[in-house]
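Below you'll find the structure, written out as structure tokens, and then a few comments.
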Amino acid sequence: MNIYLESRFKKPRVEGLNMIIDTGYSTSYFKDLIESFNEHIDFVKFGWGTCLVSPNIDKKIEILKLFNIDYFFGGTLFEYFYSKNQLNEFVNYCNIKNCKYIEVSNGTIDLSNTEKASIVSDLKNEFNVFSEVGYKDNLRSTRFDAEQWINYIKQDIDAGATKVIIETRESGKGGICNTDGSIKEDVFEKILASDIDLDKIIFEAPTKFLQQYFINNTHTNVNLGNIDFNDIISLETLRHGLRSDTFFK
């Protein structure tokens, strides 16, 4: 019997990406999930600075290499090093860990987007650079209008960013989201209406609400990030229209 599923691009792919976040899981749990679901995982982000305090980080990297899954460290770690005037040390650390990808963000620290884009440009010949646009602080976010979102995304792409990550925080309550977890629809709609190629965007979607929202309002193969390990299969069912939330997509 042939069963029809919504079209999904196969790995390696540039759209329909699933970027999974590791918040500090045990090695055995990590290994089990990677072995079980690797065909659905494009990237693993080691969130925040967990890599610096996790004694098993090298073992996890070995596991990812076995399954040809790329990895990188969260933008907060970049900001931590940058705030201490240790950008070179951060780059060296990423090289020691054999990272092909690196994230550059300014969601917490006082770093202009122009300066951030300059760093993206400096690093693009050494790494595939993921930049991030959006602020974690809700007050800063409320002052960040749609035109600024568009300009900053374009500035990062022009600087050489491989992908631009749209901030929502791991809680789903920051960046392009309001404090109640809802989407800032004016910002989202203007991003869609702009000439920005959606293939260049990764929407952080740590909650089921955000996952189904981005799928329903774009397409099955939208790039999504900050996905919890436990949500890998449920996200794929959303992409395939196997749940009521995206059934009529």
I'm trying to understand the selection: among the residues of the stretch 164-174, which are open to solvent by less than 20 Å² (accessible area, probe 1.4 Å) and either under 19 Å from TYR71 (Cα atoms) or under 13 Å from the mean Cα position of the chain (by Cα) (or both)? VAL164, ILE165, ILE166, GLU167, THR168, GLY172
Looking only at the stretch 214-249, count every residue that is of a type in the set (Gly, Ala, Ser) and buried (at least 19 other Cβ atoms within 10 Å of the Cβ) and tell me the total. 1
Determine, yes or no, whether GLU204 is open to solvent by 10 Å² or more (accessible area, probe 1.4 Å) and either modelled with pLDDT of 95 or more or β-branched (Val, Ile, Thr) (or both). no
Taking the condition among the β-branched types (Val, Ile, Thr) and crowded, with 17+ Cβ neighbours inside 10 Å, does ILE20 pass? yes
Is at least one residue of the stretch 178-200 polar (S, T, N, Q), open to solvent by 50 Å² or more (accessible area, probe 1.4 Å) and over 18 Å from PHE43 (Cα atoms)? yes
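So is PHE67 in contact with a Phe, Trp or Tyr (Cβ under 6 Å, 6 or more places away or on another chain) and not aliphatic (A, V, I, L, M) or not?
Working: in contact with a Phe, Trp or Tyr (Cβ under 6 Å, 6 or more places away or on another chain): no; not aliphatic (A, V, I, L, M): yes.
For PHE67, the condition - in contact with a Phe, Trp or Tyr (Cβ under 6 Å, 6 or more places away or on another chain) and not aliphatic (A, V, I, L, M) - is not met.
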Test LEU210 against the stated conditions and say whether it is free of Cβ contacts under 8 Å to residues at least 12 places away in the same chain, outside any loop (DSSP other than H, G, I, E, B) and of a type in the set (A, V, I, L, M). no
Residues located in the stretch 52-96, provided they are over 23 Å from TYR29 (Cβ atoms) and of a type in the set (Lys, Arg): LYS84
For the stretch 168-183, does any single residue satisfy the condition of being in contact with a Ser or Thr (Cβ under 6 Å, 6 or more places away or on another chain), charged (D, E, K, R) and at pLDDT below 95? yes
Output for Cβ contacts, cut-off 9 Å, separation at least six or different chains, first residue under 25 Å from ASP228 (Cα atoms) in the stretch 191-204, second crowded, with 17+ Cβ neighbours inside 10 Å and of a type in the set (Lys, Arg), reads ASP199/LYS163; LYS200/LYS163; ILE201/LYS163; ILE202/LYS163; GLU204/ARG169
Mind checking which pairs have a first residue in the stretch 119-130 that is touching a residue at least 12 places away in the same chain (Cβ under 8 Å) and a second that is among the polar types (S, T, N, Q) and open to solvent by less than 50 Å² (accessible area, probe 1.4 Å), Cβ under 7 Å, 6 or more apart or different chains? VAL120/SER131; ASN128/THR162; VAL129/THR162; PHE130/THR162
Output the number of residues of the stretch 65-80 satisfying the condition of being out of contact with any Leu (no Cβ under 6 Å at 6 or more places or on another chain) and under 25 Å from THR168 (Cα atoms). 11
One residue is enough: does the stretch 2-16 have a residue meeting the conditions among the hydrophobic types (A, V, I, L, M, F, W, C), at pLDDT 95 or above, over 20 Å from THR162 (Cβ atoms) and not in a helix (DSSP H, G or I)? no
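Taking GLY181, is it under 14 Å from the mean Cα position of the chain (by Cα), more than 28 Å from GLU39 (Cα to Cα) and not in a strand (DSSP E or B)?
Numbers: under 14 Å from the mean Cα position of the chain (by Cα): no; more than 28 Å from GLU39 (Cα to Cα): yes; not in a strand (DSSP E or B): yes.
So GLY181 fails the test.
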In the stretch 100-109, is there at least one residue being within 16 Å of the chain's Cα centre (by Cα) and of a type in the set (A, V, I, L, M, F, W, C)? yes
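The values are calculated or read from the model by the stated rules, or taken from the named source; none is laboratory data. Here the structure is a predicted model, which means the values were calculated and not measured. As a convention, Cβ positions derive from the backbone with ideal geometry for all residues, glycine included, and neighbour counts pool all protein chains shown. Side chains included, ligands, DNA and RNA excluded: accessible areas come from the protein's heavy atoms. Shrake-Rupley method; radii C 1.70, N 1.55, O 1.52, S 1.80 Å.
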